Amino acid sequence: MTNRTPDPARFPARFTWGVATSSYQIEGAPFEDGKGPSIWDTFSHTPGKTVGGDTGDVACDHYHRLDEDLDLIQSLGVNAYRFSISWPRVLPQGRGPVNQAGLDFYSRLVDGLLVRGITPWVTLYHWDLPQTLEDEGGWTVRSTAEAFGTYAAVVAAALGDRVRHFITLNEPWCSAYLGYGTGVHAPGHTDLKASYAATHHLMVGHGLAMQAIRAHAPGAQAGITLNLYHAYPATDSAADHGAARRLDGFQNRWYLDPAYGRGYPQDMVELLGDLSPHAQGLVHPGDTELMGAPTDFLGINMYSRAVAQDAPGEGFLHARQIQPEGSEYTGFGWEVAPDSLTDLLVRLQQDYAPHAMYITENGSTYPDTVGPDGTVHDAERTRYLTEHLAATQEALARGAKVSGYFAWSLMDNFEWAEGYDKRFGIVHVDFSTQARTLKQSGRTYREFLARTRDTVGA
Ligand code: IFM
């Protein structure tokens, strides 16, 4: 990339500009107004699972600060807000009786956005599975996918008159691999076979949720959000090219191919052997069509890239990710690689031709502090943001149909196993007082968005 400064005039006039959050990461109020427990309530309360034993019990206390937070979102000048619905807040048992108070909260949220001129983007599943369903096997069993379809129908019927953008799943790779494979996330299982059973039921659940949205919110736009990275070989050797292909299969194609009606990629099915959903006898006739239900957009969560080295005998991928020397890394140790966003978007356009692509998450964590002047000078995050906007602009220039960008995250929040240790917000949250302070990155985003409005029609 030659130019790392985004030009507001070079984005389409009707571009979606937003910020994103998720329910468990910000809401708090885990058992209020009839909400049932989720796997993250259980997991975060299990000793040793999160940094410092942090839980989402209070988080950003968003459940009690809805209006204040809606004003905050409006003050940024975004035209869209992506949030997720807590399944056990709506269906405390995962299926069965609807908790009207839970639905009412999201209804107020949607109305509060609309009255402020902000388009709601609803994610149906951002990892807080009802604990009752996990007790029956969670995503390793097909009945959870069926329950997800029913839950999607409840939400689409209740909100579909006002919500016109639905995302079925957020990052099924994380739910399956981190939740059932490595155990770093809830529900904390360490069984690769179970994680590949989970991938399949998540994708079946996606298909069933698509059907429910089509039936109960006709005309709404719907799609899935995947966490994707562009995979590069560490060297030009054939072996490293093969490793990059395998990492791409593991992270990207394993979800993209079924979502685009192609079923699971054959090279990965062969590599997985007994682990694959086919070998486990989980793929039913008609599943390829179900998982490949036509979508209106692809949601892309992008944070970094992968650099792959061949590593015979290492794991089932025989590949390892390396951290190139001389690169810059965020507080999570993720390489800052904005050019890889351009490469990713262009590649997705060429290989899958989605109707539209939305960057539904992009952001970085650094250990911010509020300075003596009361401001947060997050220069690294600010640069990360502007460079990724420039990378998006470059992808547009190269023919990728990108229709929107959501910064992750609106505000610092509960970063899963990392607790409150990792801050991703463009708004700083003091978790002892709940004070919100716009960071330099937030101001930069706001100023950039104001300039996009100035250039509309120019
Ligand atoms: O905070 C998470 C989010 O919930 C899912 N995508 C990645 C973010 C940063 O780790």
Full-stretch length increase - Arg451, Thr150 - with 0.36 nm per residue and alpha-carbon distance subtracted = 104.1 nm
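Hey, what's the Kirkwood Rh for the stretch 153-223 if you take every pair of different alpha carbons, in angstrom?
Values: mean 1/r = 0.0773 Å⁻¹.
Every distinct Cα pair counted, the radius reaches 12.9 Å.
List the equivalent ellipsoid semi-axes of the stretch 101-217 in whole Å, largest first, each obtained as the square root of 5λ for an eigenvalue λ of the Cα gyration tensor. The partial results should precede the final answer.
Details: eigenvalues 157, 41, 28 Å².
Semi-axes from the Cα gyration tensor: 28, 14, 12 Å.
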task = Taking every pair of Cα atoms in the stretch 303-363, average 1/r, invert it to obtain the Kirkwood radius, and report Rg/Rh to two decimals.
result = 1.04
ask   = What spacing in nm lies between the two simple spin-label points modelled at Arg320 and Thr375, each 7 Å away from Cα in the Cβ direction?
value = 4.4
query = In whole angstrom, how far apart do the alpha carbon centroids of the stretch 65-135 and the stretch 381-456 sit?
reply = 20
note = Over all viewing directions the Cα convex hull of the stretch 1-95 casts an average projected area in nm² of 9.8
task = Find the eigenvalues of the gyration tensor of the Cα atoms of the chain, then list the square roots of 5 times those eigenvalues as equivalent ellipsoid semi-axes, largest first, in whole angstrom.
result = 30, 28, 22
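In µm²/s, what is D for the stretch 323-458 at 25 °C and 0.890 mPa s, where D = kT/(6 pi eta Rh) by Stokes-Einstein and Rh is the Kirkwood radius from Cα pairs? If you can, show how the numbers build up before the last one.
Numbers: Rh = 16.2 Å.
Once the numbers are plugged in, D ends up at 152 µm²/s.
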ask   = Within the chain, how many lysine pairs that are 8 or more places apart, or on different chains, have C-alpha atoms less than 28 Å apart?
value = 5
inquiry  = Against the empirical 2.2 N^0.38 Å scaling, what ratio does the C-alpha Rg of the stretch 263-374 come to?
reply    = 1.44
request  = Mark the label point 7 Å from the Cα of Ala397 along Cα→Cβ and return the residues of the stretch 318-351 whose backbone N is within less than 20 Å of it.
outcome  = 337-350
key: Cα-based Rg and Dmax for the stretch 234-325, where Dmax is the largest Cα-Cα distance (Å)   = 15.0, 48
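Calculate, in nm to one decimal, what Asp430 and Gln350 gain on full extension: separation in residues at 0.36 nm each, minus their alpha carbon distance.
On the way: separation 80, 0.36 × 80 = 28.80 nm, distance 4.36 nm.
That works out to 24.4 nm of additional length.
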request  = Translational diffusion coefficient, Stokes-Einstein: compute it for the stretch 323-391 using the Kirkwood radius over C-alpha pairs as Rh, at 20 °C and 1.002 mPa s, and state it as an integer in µm² s⁻¹.
outcome  = 153
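Mean separation of Cα pairs under 8 Å and 6+ residues apart, divided by the residue count of the chain: what relative contact order is that in percent?
Taking the mean separation of contacting Cα pairs over the length of the chain, I get 18 percent.
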inquiry  = I need the GluC sites (Glu not before Pro) found in the stretch 277-359, filtered to DSSP loop residues with at most 14 other beta carbons within 10 Å of theirs.
reply    = Glu314, Glu325, Glu328
ask   = Of Leu129, Leu290, how do they rank once you tally other Cβ atoms within 10 Å and put the fewest first?
value = Leu290, Leu129
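Evaluate the stretch 180-289: find the radius of gyration of its Cα atoms, find its Kirkwood radius, and give the ratio Rg to Rh. Before the final figure, lay out the partial values.
Details: Rg = 15.8 Å, Rh = 15.5 Å.
My calculation puts Rg/Rh at 1.02.
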message = I'd like the Kirkwood hydrodynamic radius of the stretch 397-436, using the inverse of the mean 1/r over distinct C-alpha pairs, in Å.
response = 12.0
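Just so you know, all these numbers are worked out from the coordinates, no wet-lab data involved. The structure presented is a predicted model; accordingly, all values stated were derived computationally and were not measured. Don't worry about glycine lacking a Cβ; one is built from the backbone with ideal geometry, like all the others, and counts go over all protein chains shown.
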